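The values are calculated or read from the model by the stated rules, or taken from the named source; none is laboratory data. All values derive from a computational prediction rather than experimental measurement. Counting neighbours? That spans all protein chains shown, and the Cβs are built from the backbone with ideal geometry, glycine included.
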Amino acid sequence: MGAGSWRYYRRRPDSLAAAPLEVVLRFCMITTFYPPHHFGGDAIAIRRLCHGLVRAGHQVEVICDVDAWRTLSDGEEPLPLEEPEGLTVHRLRSRLPSVAALMTHQLGRPTVHRRRIEQIVEAGRFDVINFHNVSLVGGPGLLSVGGPDVVKLYMAHEHWLVCPTHVLWRHGREACPSRECLRCTAHHRRPPQLWRSTGALGRALDHVHEFLAISQFSADKHREFGFPKPMTVLPYGLPDREDGEVAGGAAHSRPYFLYVGRLEAIKGLDDVIPAMAGYPDADLLIAGSGSHEDALRAAGEGLDNVHFLGWVESARLRSYYRDCLALIVPSVCFETFGIILAEAFRDGTPVIARDIGPFPELIATAQGGELFSTPAELLSAMGRMQQDEGLRRRQGVSARAAWEANWSEAVVIPAYLQIARRVRRRLNGSAT
């Protein structure tokens, strides 16, 4: 294959001979975590992207690192997930998962699995390689994989490119206003990554043709913290219907507000749960799990209107979104997007979010919710949302319309493909 050309296939092998040929691209997604071996929304978003590309007629292969999940998880091996035809998942495993993960973390390059990754990429003859969270699957040393004629994209689901702890949460107590990386890394009880001071990351970035931020806020935050490359904003896209979606209501007898996400200190529930003592008119349902769960359950002890649901699969969450008064998003850190806001907007559910990070950007675009900074402002917003049905309905209608225009699979997948085509044209121009 010559540099700069796409491969042409028929989308359906059994189609009529007269059917027109269409460009069918081969994508390689490289990520540390991919369902079911994952911890949060970024892996779910990657899987949705893969499924969307397959539905659009393309072929996708995923390389993910089960060793990293086994090192960080104390749970049992999850049940496998069924993937559609056209999507292949390569799960990297070794006999010493913690050693493999630690070597990659410290050296900033793939070690145990380098040869296997190179074999998959060489055999795949991919048109596009999309790097996602590569921190433990290969670090910056992975970005050189693939030939010179392959379009290479990097999607920044976290702030790993500018933050050793990924989340810009300084010293475990505040959204990061400026760099104190060594002290902060020590506070998070992580070994320092000496490769970050060698220029290895900066050199590796030159292998990537386009960097994608999930929100304008995240693109701006990367630039503020010294990221040297321009970033294109491409938000997450959600399908109108989830695979394996469960029909029916949430089966909760009282009006309720909903929280969805990991139960970690940075997610801000420490402010919300005590506030529920002063709001007897509705319940708070908490869908999620995490390392901060015991502390949050202790904070909710004795509060009859606080209920922990545990981890709820995406396909089951929709019934909870549809029936709630509003989604509460109280994160105190700098998120890159906030996928749960888009999930709520999809079902015409308004959002009450903390006034931080990308949330003002999303709320302003959707006109589908309110912002708060203090527990008192949160309770006031909850009261308005519950008492003013007209307000809630108007915001829900606006939220759904904004999802259709900005965060639906029907909009995001074509935009993603257009980015890949634009990069291809740029490579063609540089090769001639």
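In the set Val112, Val151, only one residue is touching a helix residue (DSSP H, G or I) at 6+ places or on another chain (Cβ under 7 Å), more than 30 Å from Asp270 (Cα to Cα), buried (at least 23 other Cβ atoms within 10 Å of the Cβ) and assigned by TED's automatic domain parsing to the domain that holds His207; that residue is Val151.
Yes or no, residue by residue, for (1) closer than 30 Å to Glu61 by Cβ; (2) among the hydrophobic types (A, V, I, L, M, F, W, C):
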| site | (1), (2) |
| --- | --- |
| Ser144 | yes, no |
| Trp169 | no, yes |
| Pro177 | no, no |
| Ala186 | no, yes |
| Arg196 | yes, no |
| Ala204 | yes, yes |
| His209 | yes, no |
| His222 | yes, no |
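Among the residues of region 391-430, just one is in the same structural domain as Ile363 (by TED's automatic domain parsing), over 27 Å from Ala45 (Cα atoms) and aliphatic (A, V, I, L, M), namely Leu391. Just so you know, in region 309-340 the residues that are farther than 19 Å from Asn406 by Cβ and among the aliphatic types (A, V, I, L, M) include one that is farthest from the chain's Cα centre (by Cα), and it is Leu325. Of the residues that make up region 199-219, is at least one under 30 Å from Ile286 (Cβ atoms) and of a type in the set (Val, Ile, Thr)? Within region 199-219, one or more residues are under 30 Å from Ile286 (Cβ atoms) and of a type in the set (Val, Ile, Thr). For region 162-202, the set of residues classified as assigned to a loop (DSSP other than H, G, I, E, B), farther than 21 Å from Glu264 by Cβ and touching a helix residue (DSSP H, G or I) at 6+ places or on another chain (Cβ under 7 Å) consists of Pro192, Gln193, listed by residue number.
Taking region 115-148 as the range and being out of contact with any strand residue (DSSP E or B) (no Cβ under 8 Å at 6 or more places or on another chain), surrounded by fewer than 20 Cβ atoms within 10 Å (Cβ to Cβ) and closer than 24 Å to Arg422 by Cα as the test, the residues that pass are Glu122, Ser144, Gly147, Pro148. Checked against (1) modelled with pLDDT under 95; (2) buried (at least 18 other Cβ atoms within 10 Å of the Cβ), Gly357 passes all but condition (1).
Residues that are outside any strand (DSSP E or B), basic (Lys, Arg), surrounded by fewer than 22 Cβ atoms within 10 Å (Cβ to Cβ) and not assigned by TED's automatic domain parsing to the domain that holds Gly348 occur in region 219-239; there is at least one.
The set of residues in region 392-421 being without any contact (Cβ under 8 Å) to a residue 40 or more places away in the chain and farther than 19 Å from His51 by Cα consists of Arg393, Arg394, Ser398, Ala401, Ala405, Arg421.
Quick check on my filter: what residues within region 89-109 are of a type in the set (Ser, Thr, Tyr) and either out of contact with any helix residue (DSSP H, G or I) (no Cβ under 9 Å at 6 or more places or on another chain) or part of a helix (DSSP H, G or I) (or both)?
Those that are of a type in the set (Ser, Thr, Tyr) and either out of contact with any helix residue (DSSP H, G or I) (no Cβ under 9 Å at 6 or more places or on another chain) or part of a helix (DSSP H, G or I) (or both): Ser98, Thr104.
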